[in-house]
Structure formats: C-alpha cells, structure tokens
1. Of the residues that make up segment 234-241, is at least one in contact (Cβ under 8 Å) with a residue 60 or more places away in the chain, aromatic (F, W, Y), closer than 23 Å to L403 by Cα and assigned by TED's automatic domain parsing to the domain that holds I185?
2. For segment 119-143, how many residues are assigned to a loop (DSSP other than H, G, I, E, B) and closer than 30 Å to I313 by Cα?
3. Which residues, taken from segment 332-358, are surrounded by fewer than 19 Cβ atoms within 10 Å (Cβ to Cβ) and either free of Cβ contacts under 8 Å to residues at least 40 places away in the same chain or in the same structural domain as L71 (by TED's automatic domain parsing) (or both)?
4. Tally time: how many residues in segment 309-338 are touching a Gly at 6+ places or on another chain (Cβ under 6 Å) and not acidic (D, E)?
5. Please give the number of the condition V14 fails out of (1) assigned to a helix (DSSP H, G or I); (2) out of contact with any Leu (no Cβ under 8 Å at 6 or more places or on another chain); (3) over 29 Å from N241 (Cβ atoms).
6. Examine segment 362-380 for a residue that is in a loop (DSSP other than H, G, I, E, B), under 19 Å from S131 (Cβ atoms), modelled with pLDDT under 95 and not basic (K, R), and state whether such a residue exists.
7. Test A165 against the criterion of being among the aliphatic types (A, V, I, L, M), touching a residue at least 40 places away in the same chain (Cβ under 8 Å), within 16 Å of E397 (Cβ to Cβ) and in a strand (DSSP E or B), and give yes or no.
8. Tell me, yes or no, whether segment 254-267 has at least one residue that is small (G, A, S) and touching a Ser or Thr at 6+ places or on another chain (Cβ under 6 Å).
Amino acid sequence: MFRWLFVFLLVAIVEIYAFQAFRTLTKVRSYQFVYIILNLVVIIYIVNGFFHFDRSVGQTKQSLFTIGLLLLTLVPKLLITFVMIVEDIYRVFSGTITRFLGDNDYGSFLPERRKFVSQIAVGLAAIPFVSFLYGMTIGKYNFKIIKQTLTFPDLPDNFDGFVLAQISDIHSGSFDNPEKIQYAINLINKQEFDVLLFTGDIVNTDATEMHPWVEMFKGLKNPTYGKYSILGNHDYGTYKNWPSDKALEDNFEAVKDLHRQIDFRLMLDEHVKIKKDNQEIALVGVENWGKNFGEKGDINKASENLTKEDFKILMSHDPTHWEYVVKNHEKHFQLTLAGHTHGFQFGIEIPGWLKWSPVQYVYKQWAGLYENLGRYIYVNRGFGFHAYPGRVGIWPEITIIELKKDKNVA
C-alpha cells in the first residue's frame, strides 16, 4: 500500500509541476483544458496497461507500446519537474531574503514564476521527448554495420583474414515492420564473411513469435563455414506463466527447433572444429550463463578435449559469463562473442570520444570490445528490441569481425 501511495504522490508532483510550466507558457484556458484531458487519457491508458498485464500471455505489442508511452511522457516531465524545483528553491531563498532584509512593502512572499525558466524547462524536455519518439519510429530499425579487426599471436596461419559475422538478440516477438527486417537481412547478406554466428534470444518468450519471420531469416546466406547459434535467457520461456510444466517444456523444444528451421546449428554446451586445409579452430557454444539470469551453461562440458593451445571462439549470450568465469579460465578462450545487454537501447555513442549508457552501471562489458590479458569479448548491441519499443543512441547492430595473425610474435 505504501508503495502505491508513493507512486501516486510522485506522479501527482510531476504532473503539477509540468502543468505549471505549461500554464506559464500560455494563459489560454482552452489550451490548458486540452492539456489536462490529454494527460488524463494517457495516464489512464498507462495505468490500465500495467494493471491488466497478463503474465500468462507475456510481452505483447500493446505492453511494449505502453512502456514506450510511459517513457515518452514521464521522462520529459521529470526533467521539467527538476528545473521547476530548482526555481522554487531560488524563489523561497529570494523571498526569504526580501522579507527579512528588504523594505516593508512585502507583497507576495514568493516571486512569480519566470516565463523564461518554464521555456527552458520545456525546451530541455523536448530533447528526450523527440529522442524517444524517434527511437520508437525510426531508431529501432536504424541498423548499423560495425567492423572490428582483432589480432592474435596464436591464430593458425590459414585463418589469417578469416571473417566472422555476428548478430544477437533478435527478439522476434517485438517486430512490427517486415520491410525493415527484410532490409536488415539483405544488409547482412551484402557483407563478406566466412561464418555467421547468432548469440541468442530468438524470441521474447513464445516460439510462435518467430513463425511469421522464419522464411525471412531462412534467407540469410549460408557462408562457406556455416551458421551457428546459441540460446539466450529469453529462449527458455520463463518470462510468462505457463499452464503447466509440460507447456513450458514443449515451448522450449519448439524454440530450439526454430534454429533448425532457419538453417542454424544450435550449439548446446558443445564445440565444433572449423577446418581450413590442414589447420583448425574451435567454435564453442554454451547455453545461457548469466549472473542474474540463470547459470545453465557448462563451459567445461562444451570445451571437453580442447586444450589451452587450441584457438577458441566462444559464443556465450550473457557477458557476465566472461567476467566471472571465462576471462580467467585455464583453457584460455581467445575470443568470446556475447549480446544480452542491448546497450540498454538508450545511450550516447560518439566513436573515439564518448560511450555511455545507464546499463554500464550494471554490466562491466555492455557494448563493443573489451580485453583482459590478451583475451577478448565482443558484446553485440542486439538486432531487435525488447521492453522499450525503440532505440535511442544505441542502434541495432550487425558485427563483422576479421581475425588477423600477429606475425611479429614468434
């Protein structure tokens, strides 16, 4: 009860301050009335969406839209509230000084709100509003090709110039635009690569989410050395309530079969050898291992019979696996490919200057390339989207990684 009272008071404060800013900008009563009605409609829609969220159904396009609408309206108002509270602190301070140190013609204790402050507040609030709106309409399909070149002293000579393509976090249950998805498929197919790797989360929860997209993803070209995939945390179906354990298990089996349907080999705590002439590297795939999302993967089983000297590429969905297990593992995994974080689908990236997202306070490795004692992890920012139905600053990614031999090391 206290929690809901706190939420109600917070919303009330935010709405009051936002209305005060709007009222300072316009004295036209009809505009103010329309503002109030629109806000009431939005609030009722959002509250109704959260109270009627059905765990037996799971995430839907309506629930995605509800979250998007919440962020679209709440974040700008929070910014307005912050500016207005700062002004109120100034008004109280100024009124106190005037009352006790000024003349006796007091008038009102608090100075009137200044219109230019409200204009600044609304102007600042327009930035996240426009950003979230862009993210929900355009940004979520603003696919980017990101290329990396990684050099290793122990890469077999025949694999010098070997190219990996990586996608991650498809989240097919969130898609709403077939043309944009087909564009992304075509974009992948235009790239030159030797092997295509998918690092988990093919659905949000239910295997049926992928059914409308199977033929499209089956159209991904099959490179010389094949297509391989692993599971992500969402693929286990645990984000909704199932009528029975059997229904959950049946869905899990159906999710695994989706990989076959799109011509990927699903790797479940196992490895394969990729051979090029008389040399080989090992591709290792584990089930999901996440510090906060279930430690299912067994890296020791997956790398059985491999040695420290073997060159290994590990596919592991959650980057916390690398942080807690892989980066110091005795078998020396040279390269790990992960996803999972989506880069929070929100942040700022200016190559060579700035890379920031709120997710960095949760994950040490959250987007791009990281290294520890010559061992690398690359965290893909994700192909799809989930929860917030958009992307702001952290765009959907297709990764192309070229492996190079460090010939300066004997």
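The values are calculated or read from the model by the stated rules, or taken from the named source; none is laboratory data. Keep in mind that what you see is a predicted model, and the values were worked out from it rather than measured. All Cβ positions, glycine included, derive from the backbone under ideal geometry; neighbour counts span all protein chains shown.
1. no
2. Total satisfying the criteria: 2.
3. Those that are surrounded by fewer than 19 Cβ atoms within 10 Å (Cβ to Cβ) and either free of Cβ contacts under 8 Å to residues at least 40 places away in the same chain or in the same structural domain as L71 (by TED's automatic domain parsing) (or both): I350, P351, G352, W353, L354, K355, W356, P358.
4. 3
5. All conditions are met except number (2).
6. Among the residues of segment 362-380, not one is in a loop (DSSP other than H, G, I, E, B), under 19 Å from S131 (Cβ atoms), modelled with pLDDT under 95 and not basic (K, R), which makes the answer no.
7. yes
8. Restricting attention to segment 254-267, the residues satisfying the condition of being small (G, A, S) are 254.
Then keep just the ones that are touching a Ser or Thr at 6+ places or on another chain (Cβ under 6 Å); that gives none.
Checked segment 254-267: no residue is small (G, A, S) and touching a Ser or Thr at 6+ places or on another chain (Cβ under 6 Å).
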